[in-house]
Amino acid sequence: MKIAIVGCGNMGMAFAKSFLRYDLVRKEDLLLIEKSAERSQALQNEGTGVVVDTIGPRVSGYDLIILSVKPQDFASVQDDLRAVIQPQQVVLSIMAGIPITLIQERLQHRQVVRAMPNTPAMLGLGITGFAAADEVQIGNLRKVENLINATGRSIYLDNESMLDAVTAVSGSGPAYFYYIVKAMVEAGKELGFEENVSTLLVKQTMLGAYNLIQNTDKSLDELIRAVASKGGTTEAALKRFEEGGLAQTLVEGIKAAQVRATELSKG
């Protein structure tokens, strides 16, 4: 398969490097289109693929075109891409907030898949929700799914509108996690630890807790009860969390992210 990536920032390159890592594409069949001269030079030095700074006729020869520019930059590339795109090519958009119908309209092209990855994709540990236009052939959809899975795991959605919920839960999710980790580190500092010690305690605790979730049949409530002895220290902390409405605030925040994602998708 030959793949062209339009926009080679962190997420675009996360996909590119994952494809190469699993031998899903050869370097000579990977076209990296990056308009920034400085970024383009850096990519050439890395030797990740064939690097160019403009969308030209050669793009017509690629099986898959990945759109990974910032949503606000789509307008600056759509005309050039529309001029060279061929009916048999598949477009995979990882631009947040731009619906399939709008991409189809602006590119005058029907075979469009839209995906919402998250930043752990840079380590091959991402989770990506994706949806597709009706015109995308099942064989092409399976190929795209295989490529996405190189960055972690994926979930196919029949209803594209659910991508707004994916954005809120997993797309933005790493930031929620970092927010909680930061608060725990700050608590440790207030309790007297040096920042590096507090950070180590929290990061290793989070890593261990994640692995327990992944390697047990117990529910989250059961895991909580296993730590929170009646009348003990953990129960005291959890009671204060409940008094402060922490869980509900987190739920409301995630819902707010979903509302904002929907607003952005409507322009």
Expressed in whole Å with the largest first, what are the equivalent ellipsoid semi-axes of the stretch 69-179 derived from the C-alpha gyration tensor as the square root of 5 times each eigenvalue?
24, 16, 12
How much of the DSSP bridge set in the chain is antiparallel, in percent, rounded to the nearest 5?
15 percent
Picking from Arg225, Arg58, Arg26, which is most flexible by a Gaussian network model of the chain using Cα springs under 10 Å?
Arg225
Pick from Ala256, Ala209, Ala168: which is most flexible by mean-square fluctuation in a GNM of the chain where alpha carbon atoms under 10 Å apart are linked?
Ala209
The stretch 185-194 - phi-based ³J(HN,Hα) in whole Hz, Karplus 6.51/-1.76/1.60, Gly and Pro as x:
5, 4, 4, x, 5, 5, 7, x, 7, 5
Please work out, to two decimal places, the log10 of the ratio I(q)/I(0) at q = 0.11, 0.16 Å⁻¹ from a Debye calculation in which every Cα of the stretch 3-160 carries one identical scatterer.
-0.37, -0.84
So what is the relative contact order for the stretch 3-160, in percent, with contacts set as C-alpha pairs under 8 Å and at least six apart?
21 percent
12 Å beta-carbon shell around Val197, net charge (K/R +1, D/E -1):
0
Theoretical ellipticity at 222 nm over the chain - DSSP helices of four or more residues, -39500 (n - 2.57) apiece, nearest 500:
-15500 deg cm²/dmol
Over every pair of different alpha-carbon atoms in the stretch 213-256, take the mean of 1/r and invert it; report that Kirkwood radius in Å.
11.9 Å
Enter the per residue convex hull volume of the stretch 152-209, computed from alpha-carbon coordinates, in Å³ rounded to the nearest integer.
88 Å³
With T = 20 °C, eta = 1.002 mPa s and Kirkwood Rh from C-alpha pairs, the Stokes-Einstein D of the stretch 173-265 in µm²/s is about 139 µm²/s
Tell me, Leu163, Leu102 in order of fewest to most beta-carbon neighbours within 10 Å?
Leu102, Leu163
Sequence-distant residues sharing a close amide H with Ile127 (under 5 Å, placed H):
Asn118, Ala121, Arg153
Report ³J(HN,Hα) in whole Hz for each residue of the stretch 32-47, in order, from the Karplus equation J = 6.51 cos²θ - 1.76 cosθ + 1.60 where θ = phi - 60°; Gly and Pro get x.
10, 9, 9, 6, 5, 4, 5, 5, 4, 5, 4, 5, 5, 5, 6, x
Taking θ as phi - 60°, what are the ³J(HN,Hα) couplings along the stretch 244-258 by the Karplus curve (6.51, -1.76, 1.60), each to the nearest whole Hz, with x for Gly and Pro?
x, x, 4, 4, 5, 5, 5, 4, 5, x, 5, 5, 5, 5, 5
Label-point separation (nm) for Lys182 and Lys203, each offset 7 Å from Cα along Cα-to-Cβ?
1.6 nm
Please report the orientation-averaged projected area of the chain, defined via the convex hull of its C-alpha atoms, in nm².
16.9 nm²
Dividing the alpha-carbon Rg of the stretch 108-267 by 2.2 N^0.38 Å yields what?
1.30
Part-to-part distance (alpha-carbon centres) for the stretch 138-201 and the stretch 215-264, which is given in Å:
16 Å
The chain, relative contact order in percent, only Cα pairs under 8 angstrom and at least six apart counted:
15 percent
Can you give me the angle between helix 138-149 and the longest principal axis of the chain, using Cα atoms only, in degrees from 0 to 90, rounded to the nearest 10?
50 degrees
Could you pull out the GluC sites (Glu not before Pro) across the stretch 141-204 that fall in loop regions by DSSP (anything but H, G, I, E, B) with no more than 12 other Cβ atoms inside 10 Å?
Glu194
Cβ-defined net charge surrounding Leu102, 12 Å radius [Lys, Arg +1; Asp, Glu -1]
+1
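Here, each number is a calculation from the coordinates, and none is a lab measurement. Quick caveat, the model's predicted, so the values are computed rather than measured. Positions of Cβ are generated from backbone atoms using ideal geometry, with glycine treated the same way; all protein chains shown enter the neighbour counts.
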